[in-house]
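Worksheet: the structure to be examined is printed underneath.
The values are calculated or read from the model by the stated rules, or taken from the named source; none is laboratory data. Keep in mind it's a predicted model, so treat the numbers as computed, not measured. Positions of Cβ are backbone-derived with ideal geometry, glycine not excepted, and every protein chain shown enters the neighbour counts. When the accessible area is computed, the model is the full protein with side chains, heavy atoms only, and any ligands, DNA or RNA have been set aside. Shrake-Rupley method; radii C 1.70, N 1.55, O 1.52, S 1.80 Å.
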Amino acid sequence: MLLAPSILAADPANFASALDLCAEGGADLVHVDVMDGHFVPNLSFGLPVLEALATRSDLPMDVHLMVSNPERLLDRYLEAGAAWVSVHWEAATHLDRLLQRIREGGARAGVALNPATPTEVLVDVLEALDFVLVMSVNPGFAGQRFRPYALNKARKLASEIRHRGLEVMIEMDGGIGADNVRQVVDAGVEICVAGSAVFGHPDPVAAMAEIRRNGRTERA
Ligand code: DX5
Ligand code: ZN
């Protein structure tokens, strides 16, 4: 399992220390939530913040674009240091073109699905993806409750990926913590995002260790 703490849940006045905690806690990726106040009802951070985070940390930046018109600033996010980029299926008109641009920019290309978007929409594009981000909350805010039916979506995707012999990874985002990470991993998820469960914890490094310990299964 790869652990991707979500910086959105950290103290915005102290992202540098949040990055240090990610490194100390052995995070695999840093999850960066970009929100435009249009695709989702909230604003978070944009290019300058991503650039500062990527410069300050050796960890790969996993950029989750919750924006309308993701094609508009995509190249700039890639230049700013995004190593993994997910665009929302619901926001992308020319998804295939976007995915090609992400890969040409040297990053891993992913598609994010809102909770109510069925996994079947990815059936044809699946082989052009490096990962699928299954949202287990409605995007927009950290600290929401996990939507259990996301597990079924992960299981369906995992079986389709296995059946077709593809290398696509499944990421899950929203409401994941030490109490439910095992179910998430058992459903076939390989990348777990955790925001509040890490940065809302009095000891984020211990929280990361606990999530990792609880997420361990025979095959992960
Ligand atoms: C929600 C974001 C998530 C969020 C996760 O829109 O995409 O990445 O930061 O935070 P938690 O783990 O608190 O749900
Ligand atoms: Zn996210």
Output the residues belonging to segment 152-182 that are open to solvent by 60 Å² or more (accessible area, probe 1.4 Å) and in contact with a helix residue (DSSP H, G or I) (Cβ under 6 Å, 6 or more places away or on another chain).
K156, R182
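What residue, of A91, A13, is within 14 Å of ligand 1 (Cβ to nearest atom), more than 19 Å from A194 (Cα to Cα) and either β-branched (V, I, T) or out of contact with any helix residue (DSSP H, G or I) (no Cβ under 8 Å at 6 or more places or on another chain) (or both)?
Values: A13 fails: within 14 Å of ligand 1 (Cβ to nearest atom).
Of the residues listed, the single one that is within 14 Å of ligand 1 (Cβ to nearest atom), more than 19 Å from A194 (Cα to Cα) and either β-branched (V, I, T) or out of contact with any helix residue (DSSP H, G or I) (no Cβ under 8 Å at 6 or more places or on another chain) (or both) is A91.
Each row is one residue, and each column tells you yes or no for (1) surrounded by 15 or more Cβ atoms within 10 Å (Cβ to Cβ); (2) in a strand (DSSP E or B); (3) in contact with a His (Cβ under 7 Å, 6 or more places away or on another chain).
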| site | (1), (2), (3) |
| --- | --- |
| P139 | yes, no, no |
| G143 | no, no, no |
| R147 | yes, no, no |
| A150 | yes, no, no |
| V185 | yes, no, no |
| V193 | yes, yes, yes |
| R213 | no, no, no |
| R216 | no, no, no |
Which ones in segment 40-56 are at pLDDT 95 or above and open to solvent by 20 Å² or more (accessible area, probe 1.4 Å)?
P41, N42, L43, S44, L47, P48, V49, E51, A52, A54, T55, R56
Can you pull out the residues in segment 29-55 that are within 15 Å of the chain's Cα centre (by Cα) and either assigned to a strand (DSSP E or B) or away from ligand 1 (no atom under 15 Å from the Cβ) (or both)?
V30, H31, V32, D33, V34, M35
If you take the residues of segment 195-211 that are within 16 Å of ligand 2 (Cβ to nearest atom) and more than 14 Å from A27 (Cβ to Cβ), which of them is surrounded by the fewest Cβ atoms within 10 Å (Cβ to Cβ)?
G200
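Do we have A128 as within 16 Å of ligand 2 (Cβ to nearest atom) and under 21 Å from D62 (Cα atoms) here? So that I can check it myself, show each step before the final result.
Numbers: within 16 Å of ligand 2 (Cβ to nearest atom): no; under 21 Å from D62 (Cα atoms): yes.
Spelling it out, it is not the case that A128 is within 16 Å of ligand 2 (Cβ to nearest atom) and under 21 Å from D62 (Cα atoms).
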Residue ID - least open to solvent (accessible area, probe 1.4 Å), chosen from residues in segment 65-107 that are under 19 Å from A4 (Cβ atoms) and assigned to a helix (DSSP H, G or I)
I102
